Amino acid sequence: MPQHTAEQRRELGAFLRSRRALLTPEQVGLPTTGRRRTPGLRREELALIAGISATWYTYLEQGRDIRASPQVLGALASALRLGRHEGEHLLRLAGHSPAPAPHEPAPLAAEVAEIPHLLQPRPAYLIAGDYDVLSCNRAASDLFPDLAPTADRPANLARWVFLEPAARDVVVDWEPEARGLLARLRTLHGRHPGDARWARLIDELHAGSAYVRDWWPRYDVQVRQSGRKRLRPPGRAVTEFAYTAFHLAEQPELTLVVYTEAGPGHESRSGGGTRGTPAAAS
């Protein structure tokens, strides 16, 4: 029997409600019947499409201690029109994918911490799964001003994006980039139920950012990948950067992110970059 904590059940219910609210009867081939008090499909409508009991589905949204098989979850994912990553997130919340137990991160080896500095002058940094910046080179510090550690904790990219005013000046397309970052943070948070480090970060972001408070209940999920983004380096014009994410073999939640200017004259060196969704790795 898969492990399924109370927190995961609450998260599962919130995720299902948020996805159900995004669908309309017209999208799934159902007739529209009068005015609706709330957006999206009704519970009984979604249960009908998925071929499950409406009462049982209601219990699932309410976070009751019931078990859903991968087959039932697959039917729900299909009915909700979830993408691959959203479907994987649904399975994980339902207890069908092991979540790492809460733990303190292993010390960063000196040779690993040195990697961003070896990539100077290209901006590069190494982040943990919760977006703590474990190591960065001078070019990255210059590109992302005020991304600095304090006496009691490392710098954190999510805190910088949402709580540091300089981020609005540097990140040209701030809102879509920030939305993507929060979606990836939501995905990673779902893999660490009960981990106090994640709880502290999420609480801090909620306390300091009205955007986080508004977007978090929408329950968007996303995974890290490479892509391009427009940045405004201090004292320079807006520049498009290609960025690439690399995961460490021994510690796959650690990610090395490397930036390369993607404008004319840099295409041959960067290979043109990899186009992806906005704000993927960072």
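Coordinate-derived values only; no laboratory data. Remember, predicted model here, so these are calculated numbers, not experimental data. FYI the Cβ positions are ideal-geometry reconstructions off the backbone, even for glycines, and counts take in every protein chain you see.
What is the helix-to-structure angle for 196-208, meaning the angle in degrees between its Cα long axis and the longest Cα principal axis of the chain, kept from 0 to 90 and rounded to the nearest 10?
Computed tilt is about 90 degrees.
Can you give the charge dipole size of the chain about its Cα centre, rounded to the nearest 20 debye, using +1 on the beta carbon of Lys and Arg and -1 on the beta carbon of Asp and Glu?
1060 debye
Give me the number: length gained by fully extending ARG42 to ALA113, i.e. 0.36 nm times residue separation minus the C-alpha to C-alpha distance, one decimal in nm.
Here the segment from ARG42 to ALA113 would lengthen by 20.5 nm.
Report the equivalent ellipsoid semi-axes for the stretch 8-153 in whole Å, largest first, defined as the square roots of five times the eigenvalues of the gyration tensor built from alpha carbon atoms.
Largest first, the stretch 8-153 gives 44, 19, 13 Å.
Spin-label point model (7 Å from Cα, Cβ direction): what's the HIS85 to ALA14 distance in nm?
1.9 nm
Give me the percent of Cα-Cα pairs in the stretch 6-93 that sit more than 17 Å apart, rounded to a whole number.
43 percent
Kindly write out, for the stretch 111-118 in residue order, the coupling ³J(HN,Hα) from the Karplus curve 6.51 cos²θ - 1.76 cosθ + 1.60 (θ = phi - 60°), rounded to whole Hz, with x marking Gly and Pro.
These are the phi-based 3J(HN,Hα) values: 5, 6, 4, 6, 4, x, 5, 5 Hz.
Evaluate the charge dipole of the stretch 6-93 about its Cα centre and quote only its size in Debye, nearest 20, assuming +1 on the Cβ of each Lys and Arg and -1 on the Cβ of each Asp and Glu.
220 debye
7 Å from Cα along Cα→Cβ at both VAL223 and ALA237: what's the point-to-point distance in nm?
Between VAL223 and ALA237, the label points sit 3.8 nm apart.
Gain in length, GLN120 to ARG153, computed as 0.36 nm per residue apart minus the alpha-carbon separation, to one decimal in nm?
9.4 nm
Report the Cα centroid-to-centroid distance between the stretch 39-86 and the stretch 205-260 in angstrom, as an integer.
One Cα centre to the other: 31 Å.
Grab the Cα-Cα distance for ILE66 and GLU204, subtract it from 0.36 nm times how many residues apart they are, and report the gain in nm with one decimal.
Fully extending the segment from ILE66 to GLU204 adds 46.5 nm.
Between helix 174-190 and the chain, what is the angle of the helix's C-alpha long axis to the longest principal axis, kept within 0 to 90° and rounded to the nearest 10?
60 degrees
Would you work out which of ASN156, LEU231, ALA249 lies farthest towards the positive end of the dipole of the chain, given +1 charges on the beta-carbon of Lys and Arg and -1 on that of Asp and Glu, about the Cα centre?
It is LEU231.
Of all the C-alpha pairs in the chain, what % are more than 22 Å from each other?
Cα-Cα pairs in the chain separated by more than 22 Å: 61 percent.
Along the charge dipole of the stretch 92-185, which of LEU108, CYS136, LEU181 sits closest to the positive end, that is, farthest toward it, with unit charges on the beta carbon of Lys, Arg, Asp and Glu (+1, +1, -1, -1)?
It is LEU181.
How many angstrom lie between the C-alpha centres of the stretch 164-191 and the stretch 126-144?
First find each Cα centre; the distance between them is then 15 Å.
By how many degrees, 0 to 90 and rounded to 10, does the Cα axis of helix 70-79 deviate from the longest principal axis of the chain?
Taking Cα atoms only, the helix is inclined about 90 degrees.
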